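The values are calculated or read from the model by the stated rules, or taken from the named source; none is laboratory data. These figures come from a predicted structure and were not determined experimentally. Don't worry about glycine lacking a Cβ; one is built from the backbone with ideal geometry, like all the others, and counts go over all protein chains shown. Ligands, DNA and RNA are excluded from the accessible area calculation, which covers all protein heavy atoms including side chains. Shrake-Rupley method; radii C 1.70, N 1.55, O 1.52, S 1.80 Å.
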Amino acid sequence: MARIAAWCACLIVIGVVANYVLGFVATMRLITLPVAVALLLTALLFPLTRRLRASGLRPIYATWVTMLVGLAVLSGTGWIIGVRANAEFPGLVTQVRKTAKTVEGWLYTGPLGVEPIQLSGWVDDVAKLISERQQQITSTVLAGTVVVIEVLASIVLLLFVTFFLLKDGDQIWSWFLKGFGRMAPRVDRAGRTAWTTLSHYVQGTVAVAAVHGVLMGVVLAIMGVPLWAALAVLIFLASFIPIVGILFAGAVATLVTLGAKGPIFALIFVGILIVEQQLENHVLQPLIVGRVLHFHPLAIIIVLAVGGILAGIAGAVVAVPITAILYRAVPELFKDEPIPLPAGPVQKPPAQAVPAGEKPEQKD
């Protein structure tokens, strides 16, 4: 009983400390979230910086080249999406109107037998609800303006942190280790293990998300769905949120396909999406990401649920890599370093006996 009481007291202390730490992180989210995203971006971009340094480029120039390459990729993707959306959005509106009329006619003549008066009543109810919630919608828009300003400030901080982590990450880590004294070797070993795990996770997740986005983009383009490039990018970004993200992106892509091409194409897209998602879960994820995490799907679902409850979408995004880092790095803190063998005197090999009458060989 005394031992159980001691363990309970330790768990209570740990819980209180963790609660205050999480509260501090939530309060400082405008700093902690950009720093966390910067770490993920650094893990993704650092291989390019390392190769540039190995080729003889100075660290400052290698960092600038890496940042410019990343910004060029983002800008090019945004430009392509903008051009495609500007060209295809009017056609999408026309197709959605045609589909809406087809669905309306099916509601009148189909098995549901909806009367025009009922449908008009539903539309009026929706309009009335919007008018009643007008004040709340306006306040939401105003709050959204504040959020946009916060997001812009976070992006600036994110770029600065990413730049200096790419340029001086090793020096920052060396300075950080000085505060641990004799524990520095253990902390260094745990930190390097955590960084390796994070790098493999980010790079593997980006590879899987890229394959997922490209395949779904090709399917949408073959079907002739408008805004297929934007939907492919949405599917790529949503793939970073396991399970939940693909449901949201798939629902949006299905609705666009339904409005643009009709229910048959929407059902075909859903079927292809389900098959591709199963291949991703059972082939790509185990081969690329699973080798690093070694997590059971049930553990991933529980971790996602906990992260989502504690910090919403951002918590769901970072829950799996944080858990993987702790799972791999914490044991390194408790491993004993190998004991070096004592250096004894050097033993010379015994001299070979020389037969009588022969001279010993002279070595150059």
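For this structure, a couple of remarks:
- First in the range 208-226 and farther than 16 Å from F240 by Cβ, second anywhere and of a type in the set (D, E) and open to solvent by less than 40 Å² (accessible area, probe 1.4 Å), Cβ under 6 Å, 6 or more apart: L215/E276; P226/E88
- Only listed residue being modelled with pLDDT of 70 or more and surrounded by fewer than 17 Cβ atoms within 10 Å (Cβ to Cβ), chosen from L287, L267, L273, L304: L267
- Matching residues in the range 220-252 - criterion: being open to solvent by 30 Å² or more (accessible area, probe 1.4 Å), closer than 24 Å to I264 by Cα, of a type outside the set (F, W, Y) and assigned to a helix (DSSP H, G or I): A221, I222, A230, V233, L234, L247, A251, V252
- All of R3, R53, R97, R58 fail the test of being modelled with pLDDT under 90, open to solvent by 70 Å² or more (accessible area, probe 1.4 Å), more than 30 Å from V256 (Cβ to Cβ) and not β-branched (V, I, T), apart from R58.
- Filter result (over 27 Å from L237 (Cα atoms) and in contact with a helix residue (DSSP H, G or I) (Cβ under 7 Å, 6 or more places away or on another chain)) within the range 14-56: L52, R53
- Some residue of the range 10-33 being among the hydroxyl-bearing types (S, T, Y), open to solvent by less than 60 Å² (accessible area, probe 1.4 Å), out of contact with any strand residue (DSSP E or B) (no Cβ under 9 Å at 6 or more places or on another chain) and farther than 20 Å from W195 by Cα: no
- G259 being modelled with pLDDT under 80 and more than 29 Å from V303 (Cβ to Cβ): yes
- When each of L177, L152 is tested for being at pLDDT below 85, surrounded by fewer than 16 Cβ atoms within 10 Å (Cβ to Cβ) and part of a helix (DSSP H, G or I), the lone residue that passes is L152.
- Residue within the range 55-62 that is of a type in the set (K, R) and in a helix (DSSP H, G or I) present: no
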